Amino acid sequence: MVEDEAHDAALVEHSLKEGGFNFSIKRVDNEAGYLKELDHFRPSVILSDHGLPAFDGFTALSIAKRKAPDVPFIFVTGSLGEEMTIQALKSGATDFVLKHRLSTLPPAIHRALRQAEFRQQRRKAEEALLTSEERYRTLVELSPDALFVQIEERIVFINSAGVKLFGAANPEQLIGKHTRDLVHPDYLKAVQQRRRRMRDQARPLPFLEQRWVRLDGVPVDVEVAAAPLIFAGKSAAQVIAHDITDRKRTEQEIRRLNADLEQRVLERTTELEMANKELEAFSYSVSHDLRAPLRHIEGFVEILTSSCTSLDEESRRHLETITGSARQMGRLIDDLLAFSRTARADLTKGTVSLSSLVQTVIRELLQEAQGRQIEWVLEDLPTVEADPALLRQVLLNLLGNALKYTRTRKRPRIEIGAAGTAQEEIILVRDNGVGFDPRYAHKLFGVFQRLHRASDFEGTGIGLANVRRIIHRHGGRTWAEGELDKGATFYFSLPKRPTAGRRDPAEEKN
């Protein structure tokens, strides 16, 4: 309270208490005291007399507006003419009360405090709005996508990314531009229909590919979405556009590469078909043209042996070597032809009982192993999906090898077992034969790869290659384990659900 008369101050204080206020009132009667109080305390309301001996209310009001602009300022004076009242209110006074009507002071203070609270709330709301708008503008400007606002299909706001997208130097070059000036003619009708639908339904439009035109006339592919909004008090559309020119260019390049790839595949397929025909012709030549000389060699050696009674023992031994070599060549030709056929033969898959098939193969092989006491251990084997004829060749090769390489054992033992996973059935053939050096296991399934001397164990080196090719065509795998003089175990797997095109890791290494 700025008041120099103690009696007047007491009347004001009494009026406030009668009005229900419980203020702690600080009275000052000079400018220095007033400044000191404002520097150290923030009052809820300032009550000031108009005329003091060395200090007037207008000076107090000016100081208050500078130091405490949000605090209500009410003149409490004995008289205040009309002209002074208007000046006081224009200068920023909240209200005025005459001292002979102090009963009006409490309502005036209530009004002033409510107004002050309202102004404070409004200021906070305005500050929050400005902060929100500033944050929104920052996000809009930082967005890598073009963002702009249209009213009646004319741009009224656009961000930096939009300026860049349209190839403009500044936003002013785009403000006021109509949709028809920026959308490619092929897309203009569809764009206008989408805008009308958004306006009629008052719903956002999802992203859709369109083509726009830069200011320099260069077309640009974009994905566009839009949503209705109120801008500057008018119905408007907010548009977001993502430049997909690079993506479209990449897609076009991928399509071109795919077309080239399809053409190359077609050419390679044609070349492969020609190579297969040449291979069939070669196989026919091998089957017929090479067999005739071998038959001639065997026939004339037999004639020579039977007609020449004067041949000595060494000459007969030479003729037997020639005959044996011719027969070995015949077997090699047969195996090569069989290996070639397994690559071209169609797979005719069916349900195969491995237990029955193994027993059939064992009976066939026992005819070649008469006089040998062999211990066969046959576990429960699963039923699989496979080509019966080709699977029979696999078992003939594996069991035949087991018989061959246990020939030197007094008590040969051959075991056929099975294991399984969720994806495949695994079949094993284990023997207690001569085994092999595990360092060379990767060579076992290659063509003409032998780990033992031909003079010790006959063979052409094609059987296991045939096994791998057949199992691979079924989508399975092949591998082996063994040690020298400690036997060997050969494995192959068949998928429980047939799959095509799966590579055998072991075969890739070879």
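Each reported figure results from applying straightforward, stated rules to the coordinates on display, with no laboratory input. As the structure is a computational prediction, the values presented were derived from the model and not from experiment. Note that we place each Cβ from the backbone using ideal geometry, even for glycine, and neighbour counts take in every protein chain shown.
With an 8 Å Cα cut-off and a minimum separation of 6 or more residues, compute the relative contact order for region 175-301 in percent. Before the final figure, lay out each step's value.
Numbers: 101 pairs, mean separation 17.4, N = 127.
Worked out over region 175-301, it gives 14 percent.
Which shape class, rounded, prolate or oblate, goes with region 71-203 when its Cα gyration tensor gives a ≥ b ≥ c as root eigenvalues, a/c under 1.5 marks rounded, and past that a/b bigger than b/c marks prolate?
Values: a/c = 3.79, a/b = 3.48, b/c = 1.09.
It is prolate, given that a/c is not under 1.5 and a/b is the larger ratio.
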Across 10 Å bins beginning at 0, the whole-percent shares of Cα-Cα pair distances in region 368-418 come to 21, 49, 25, 5
Which distance in nm do the two modelled labels at Ser91 and Glu385 give, with both placed 7 Å along the Cα-to-Cβ direction?
10.0
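Which shape class applies to region 6-122: rounded if a/c is under 1.5, otherwise prolate when a/b exceeds b/c and oblate if not, where a ≥ b ≥ c are the square roots of the Cα gyration tensor eigenvalues?
Values: a/c = 1.11, a/b = 1.01, b/c = 1.10.
Cα axes put region 6-122 in the rounded bin.
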Spin-label point model (7 Å from Cα, Cβ direction): what's the Ser143 to Tyr440 distance in nm?
7.2
Working out 0.36 nm times the residue gap between Gln252 and Ala369, then minus their Cα-Cα distance, what length gain in nm do you get to one decimal?
35.5 nm
Within the P(r) computed for region 148-295, what percentage of the Cα pairs occupies the region above 19 Å?
65
How far, in nm, would the chain grow between Arg409 and Glu483 when pulled straight, counting 0.36 nm per residue and subtracting the alpha carbon separation?
25.1 nm
Taking only DSSP H segments of four or more residues, each worth -39500 (n - 2.57), what value at 222 nm results for the chain once the sum is divided by all its residues, to the nearest 500 deg cm²/dmol?
-16000 deg cm²/dmol
Paired Rg and Dmax values of the chain, which use every Cα atom, in angstrom:
52.0, 168
How many nm separate the modelled label positions at Glu273 and Glu127, each set 7 Å beyond the Cα in the direction of the Cβ?
8.2
Past 32 Å, Cα to Cα, is the threshold; run Lys90/Lys124; Lys189/Lys248; Lys349/Lys443; Lys410/Lys443; Lys248/Lys277 against it and keep the listed order.
Lys248/Lys277
For the chain, build the charge dipole from Cβ charges (+1 Lys, Arg; -1 Asp, Glu) around the Cα centre, then report which of Leu319, His178, Ile63 sits farthest towards its positive end.
Leu319
Difference of contour (0.36 nm per residue) and Cα-Cα distance, Thr323 to Glu83
72.0 nm
Given Cα pairs under 8 Å that are at least 6 residues apart, what percent is the relative contact order of region 6-122?
26
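How high is the relative contact order of the chain, in percent, with contacts defined as C-alpha pairs under 8 Å that are six or more residues apart? Could the numbers behind the result be given before it?
Working: 687 pairs, mean separation 34.4, N = 510.
Normalised by residue count, the contact order of the chain is 7 percent.
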